[in-house]
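Readers should treat all values here as calculations from the given coordinates under stated rules, not as data from a laboratory. Worth saying up front: this structure is predicted, and the values here are computed from it rather than measured. Every residue, glycine among them, receives a Cβ derived from its backbone with ideal geometry; neighbour counts consider all protein chains shown.
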Amino acid sequence: MNHYFTNNKNLKSDINKISVIVLGKSYSLFTDNGVFSKKALDFGTRLLIESLPLPEMSGKVLDVGCGYGPIGLFVKSETDCEVDMVDINLRALHLAKIGARHNHLSVNIYESDAYSNVKPSYDYIITNPPIRAGKEKVYEILMGASDFLTSKGQLWFVMRKNQGVKSTLVDMGKCYNVSIKKKDKGFYVVCATKKEKIVDND
Ligand SMILES: C[S@@+](CC[C@H](N)C(=O)[O-])C[C@H]1O[C@@H](n2cnc3c(N)ncnc32)[C@H](O)[C@@H]1O
């Protein structure tokens, strides 16, 4: 079965330019068969981007599961952050690179299965995680972020109520302080920061 995260070379390519308006800003993105939300910007992705603290963002940002690039490219266009974008889907990475070039944005886009090719540390990790890849992979991305964030770094993600967001938040509460930043149409935007480690010198 083909999923939006499988690399299927036999899938016919049909690249399309889509115009996206977020927070009143317009940018063009490039989509194709075999990538997530190829027709239009996903509702959850839009909600996540619109919830980000863009004016106060600085430092290094990682967009995990960047797809054709809506999150990382928008962050790069609105901030001075250094932006890295990773995905496992080669076609999505190709599209994200076309989008970056088209919008004259300098970002680093490369292949990585979750954090396999990523080096710490980031001030922000942002993701609309690949629910269809299964809970184990989603948890690898969400829980694993902790090893790739600076001590005060923030993990931002979006998840739907019917995708198990409530139990995910309970599980994440073991290693993160979690805060729900926005809820709309069953989508939750969450910001998580690492809990301080308690050092016991006794
Ligand atoms: C829900 S889509 C979000 C795409 C894009 N960020 C957006 O918001 O439109 C999840 C993305 O994660 C990618 N993905 C799936 N498994 C992955 C993995 N193991 N490592 C990295 N990315 C993965 C998929 O290829 C897909 O592009």
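Please check which bits of the range 157-175 a label hung off residue 182 would reach, taking the label as a point 7 Å along Cα-to-C-beta and the cut-off as backbone N under 17 Å. Counting backbone N atoms under 17 Å from the label point, the list is 157-161.
Ignoring aspartates and glutamates fewer than eight residues from residue 152 along the same chain, the ones with Cα atoms less than 18 angstrom from its Cα are 56, 63, 82, 123, 196.
With 0.36 nm allotted per residue and the present C-alpha distance subtracted, the residue 121-residue 14 stretch has 34.9 nm of extension available. Relative to the longest principal axis of the Cα atoms of the chain, the long axis of helix 90-102 lies at roughly 80 degrees. Charge dipole (Cα centre; +1 on Lys/Arg Cβ, -1 on Asp/Glu Cβ; no other charges) of the chain amounts to roughly 780 debye. Once the C-beta distance of residue 25 and residue 202 is scaled by a Förster radius of 45 Å, the resulting FRET efficiency is 0.25 to the nearest 0.05.
Put the Cα centre of the range 103-148 next to the Cα centre of the range 179-202 and the gap is 17 Å. Loop-located chymotrypsin sites (Phe, Trp or Tyr not before Pro) in the range 1-76 (DSSP state other than H, G, I, E, B) with a sparse environment of at most 14 neighbouring Cβ atoms within 10 Å are absent. Taking a straight Cα-Cα cut-off under 24 Å and skipping sequence neighbours fewer than 8 places away in the same chain, the lysines within cross-link reach of residue 97 are 9, 12, 17, 25, 38, 39, 60, 76, 119.
Averaging the sequence gap over all C-alpha pairs within less than 8 Å and six or more residues apart, then dividing by the number of residues, gives the range 16-194 a relative contact order of 19 percent.
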